[in-house]
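Okay, structure first, notes after.
Where a number appears in this text, it was derived from the coordinates with a stated rule and is not lab data. Remember, it's a predicted structure, so these values are computed and weren't measured experimentally. Ideal geometry is used to build each Cβ from the backbone, glycine not excepted, and the neighbour counts take in all protein chains shown.
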Amino acid sequence: MCITCSIAEGKETPPGGLIYKNDRIIIHHCLDVNIPGYLIISPIRHVTQYQELVDAELMAMTKGMKNTVSILYRLPDVEKVYILSLGEETSHLHFHIFPRYRWLTDTSNDALFSEGKLDGAKLFSYYRNKNKTGELGVIPEINKAITFIKSQLSYCILAPLWFILGRMDV
Ligand SMILES: [Zn+2]
């Protein structure tokens with residue numbers, strides 16, 4: 001069984017626990033990279049190709065990404081949020097939702113630039129390797145980010161309900 005399926009079935013616990021789960025998708029913190037708020041979103045069903053997703057999964061993935069990306073922009077010092085799907089290490093389809101903090105754009109580090117321009121793919125790869133712990137660990141900053149994301153996400157999910165209730169009050 002792959003790591004994502006293990007997490008979805010509760011056999012493996014990601015750092016800080018699952019951030020979100022419904023009947024289609026799971027969202028959790030990256031397992032072994034110490035960058036607060038670096039999230040992974042996956043369909044629960046074991047698929048390896050994007051085009052295998054059914055409409056309900058596509059909708060759930062898209063909504064999950066939109067909600068988490070908008071929340072990550074509320075973390076201090078996040079300038080940009082990258083969304084990537086590579087699938088080289090883990091075949092179970094997943095998206096990396098990677099917050100690019102101001103402190104990651106070190107202008108003196110040539111490894112992050114291509115022809116004088118910040119290179120997102122290089123930055124992602126560089127910090128992923130640099131901050132990789134190789135274990136399922138959690139640092140206080142990650143716990144703090146997870147707590148914030150969970151609280152904001154529950155509001156996003158409840159928001160339509162509050163909207164309906166609000167309208168009913170009128
Ligand atoms: Zn799987």
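What about HIS92, is it more than 13 Å from the chain's Cα centre (by Cα) and touching a residue at least 24 places away in the same chain (Cβ under 8 Å)? Criteria met by HIS92. The strands (runs of 3 or more DSSP E) located wholly in the range 26-133 that include 1 or more residues which are aliphatic (A, V, I, L, M) and within 16 Å of the ligand (Cβ to nearest atom) occupy 39-43.
Selection within the range 1-25: residues that are near the ligand (Cβ under 9 Å from one of its atoms) and part of a loop (DSSP other than H, G, I, E, B). The member of this set that is nearest to LYS80 (Cα to Cα) is CYS2.
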